[in-house]
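Trainee: This is the structure I want to talk about, given as structure tokens.
The values are calculated or read from the model by the stated rules, or taken from the named source; none is laboratory data. These numbers were taken from a predicted model, which means no experiment stands behind them. In this analysis, Cβ positions are derived from the backbone assuming ideal geometry, glycine residues included, and neighbour counts consider all displayed protein chains.
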Amino acid sequence: MAEQTLRGSCLCGGIEVQVRGEIGQLDYCHCSQCRKASGTAFASNAPITTDRLAITGSHLVKEFAASDGKWRAFCGTCGSPIYSRRASRPNEVRLRVGLLDDAIAPSQRQHIWADSRANWHEIDDSLPAFSEDAGSSPLQQKPQPQPLGNRNS
């Protein structure tokens, strides 16, 4: 049986991605950086080793240093988020799976940085939720929405 190749692109189609193999882990990241970069309540990310990822149109990829040792990549034409990467993990990117056109069936899904979630968003599914990364302590109770207004996160 041939290995599956997942395909996708940014909004304008200038950047195309191909991922060899299945998506194993899928993280719904609620950290403030992912929320701001995506403009949504959370970003849907999959860790992918760089040897499994091919990018066409890489001349359009722009990177922003989001913090020390962490970069966020996006399409310089349409602004679609593509991936994030860390200096501490040189052989891995966190691919924004919304780019993919093909159906995926991740073996593991979870909410991460759930304590930083948007105050107007309720995590109301049965997936595991972690206060920080998946290696941190699981939340005993998922955070509930708080009234809009000033809230420190």
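Trainee: Condition first: among the charged types (D, E, K, R) and over 14 Å from the mean Cα position of the chain (by Cα). Now tell me which residues in segment 1-33 satisfy that. Spell out how you get there, then give the answer.
Mentor: Going through segment 1-33, the residues among the charged types (D, E, K, R) turn out to be 3, 7, 16, 20, 22, 27.
Selection gives GLU3, ARG7, GLU16, ARG20, GLU22.
Trainee: Still on this structure, please answer the following. So, in segment 39-66, exactly how many residues are in contact with a helix residue (DSSP H, G or I) (Cβ under 8 Å, 6 or more places away or on another chain) and either in a helix (DSSP H, G or I) or within 19 Å of ARG117 (Cβ to Cβ) (or both)? So that I can check it myself, show each step before the final result.
Mentor: Residues of segment 39-66 in contact with a helix residue (DSSP H, G or I) (Cβ under 8 Å, 6 or more places away or on another chain): 41-46, 66.
Then keep just the ones that are either in a helix (DSSP H, G or I) or within 19 Å of ARG117 (Cβ to Cβ) (or both); that gives 41-45, 66.
Summing the residues that are in contact with a helix residue (DSSP H, G or I) (Cβ under 8 Å, 6 or more places away or on another chain) and either in a helix (DSSP H, G or I) or within 19 Å of ARG117 (Cβ to Cβ) (or both) in segment 39-66 gives 6.
Trainee: While we're looking at this one, here's another question. Taking only segment 1-29 into account, find how many residues are modelled with pLDDT of 95 or more and not in a strand (DSSP E or B).
Mentor: Going through segment 1-29 one residue at a time, the tally reaches 6.
Trainee: LYS62: farther than 14 Å from VAL93 by Cβ and without any contact (Cβ under 8 Å) to a residue 60 or more places away in the chain, yes or no?
Mentor: Yes, satisfied.
Trainee: Another question, then. On the basis of being hydroxyl-bearing (Ser, Thr, Tyr) and over 16 Å from the mean Cα position of the chain (by Cα), does SER58 make the cut?
Mentor: Values: hydroxyl-bearing (Ser, Thr, Tyr): yes; over 16 Å from the mean Cα position of the chain (by Cα): yes.
For SER58, the condition - hydroxyl-bearing (Ser, Thr, Tyr) and over 16 Å from the mean Cα position of the chain (by Cα) - is met.
Trainee: Within segment 76-97, work out how many residues are within 13 Å of ALA37 (Cα to Cα) and touching a helix residue (DSSP H, G or I) at 6+ places or on another chain (Cβ under 6 Å).
Mentor: 1
Trainee: Does ALA37 count as touching a Lys or Arg at 6+ places or on another chain (Cβ under 6 Å), within 18 Å of SER9 (Cα to Cα) and aliphatic (A, V, I, L, M)?
Mentor: Numbers: touching a Lys or Arg at 6+ places or on another chain (Cβ under 6 Å): yes; within 18 Å of SER9 (Cα to Cα): yes; aliphatic (A, V, I, L, M): yes.
For ALA37, the condition - touching a Lys or Arg at 6+ places or on another chain (Cβ under 6 Å), within 18 Å of SER9 (Cα to Cα) and aliphatic (A, V, I, L, M) - is met.
Trainee: Still on this structure: Might you let me know whether segment 25-47 holds any residue that is free of Cβ contacts under 8 Å to residues at least 12 places away in the same chain, closer than 23 Å to GLU3 by Cβ and of a type outside the set (Asp, Glu)?
Mentor: First, pick out the residues of segment 25-47 that are free of Cβ contacts under 8 Å to residues at least 12 places away in the same chain: 36, 39-40.
Checking which are closer than 23 Å to GLU3 by Cβ leaves us with none.
Among the residues of segment 25-47, not one is free of Cβ contacts under 8 Å to residues at least 12 places away in the same chain, closer than 23 Å to GLU3 by Cβ and of a type outside the set (Asp, Glu), which makes the answer no.
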